[in-house]
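Each reported figure results from applying straightforward, stated rules to the coordinates on display, with no laboratory input. Model, not experiment: these values are computed from the prediction. Methodologically, a virtual Cβ is constructed for each residue, glycine included, from the backbone with ideal geometry; neighbour enumeration extends over all protein chains shown.
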C-alpha cells in the first residue's frame, strides 16, 4: 500500500477529506507508537509506506501505559480535532493499518494493547481487500 492509498482509505472510511485524513493518520500512528514498545513500533513502521511510517517511530523504547480514552485524547490534541473526530479517525486508521500490514504483525501489535482496543478495532468498519 502506498502513502496515498493509505491516506485515501482513511479518508474514505472516516468520511473526511484527504487533507483532514493525513493529520489524523499521523496523529493516530504517533499515539499508537507511544503505546507500543519501541521494537514493536519499529516492526509496524517497517511495513508502512514512506510518508507515514515516520509517525510510527517511537520516542522511547518503553511502552507508555494508557487506555483507549487517552489514545483518543492524544489524537485529538495532535490532529487538532474534537474527540469525536479523533475517534472516527482512529477507527479508520486502525482498520486501514489492519489491511496495510501482515496479519501476524497486526496480532503482535494488538497483543500489546489493552482489551478495550480489541473491541474498538473489532467495531471499526472493515476495508474491502484490494488484491
Notebook entry, point to check: Between 66, 117, 106, which gets the highest mean-square fluctuation from a Gaussian network model of the chain, Cα cutoff 10 Å?
Noted result: 66
Next item on the list: For the chain, with a Gaussian network of springs between Cα atoms less than 10 Å apart, report the residue from 42, 34, 116 with the top mean-square fluctuation.
Entry: 116
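Report the gain in length on full extension from residue 73 to residue 4: 0.36 nm times residue separation, minus Cα-Cα distance, nm rounded to one decimal. Before the final figure, lay out the partial values.
Values: separation 69, 0.36 × 69 = 24.84 nm, distance 2.55 nm.
Once the chain is fully extended between residue 73 and residue 4, it gains 22.3 nm.
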Next item on the list: Evaluate the distance, in nm, between pseudo-label points positioned 7 Å from the Cα of residue 123 and of residue 84 along their respective Cα→Cβ axes.
Entry: 1.5 nm
Notebook entry, point to check: Looking at (1) 50, 13, 11; (2) 31, 14, 11; (3) 19, 17, 14, which value of semi-axes √(5λ) of the Cα gyration tensor in Å comes from a calculation on the structure shown?
Noted result: (3)
Next item on the list: As a check on your grasp of the helix formula, calculate [θ] at 222 nm for the chain: sum -39500 (n - 2.57) over DSSP H runs of n ≥ 4, divide by the residue count, round to the nearest 500.
Entry: -20000 deg cm²/dmol
Notebook entry, point to check: Relative contact order of the chain: what whole-number percent is it, with Cα pairs under 8 angstrom and at least 6 residues apart?
Noted result: 29 percent
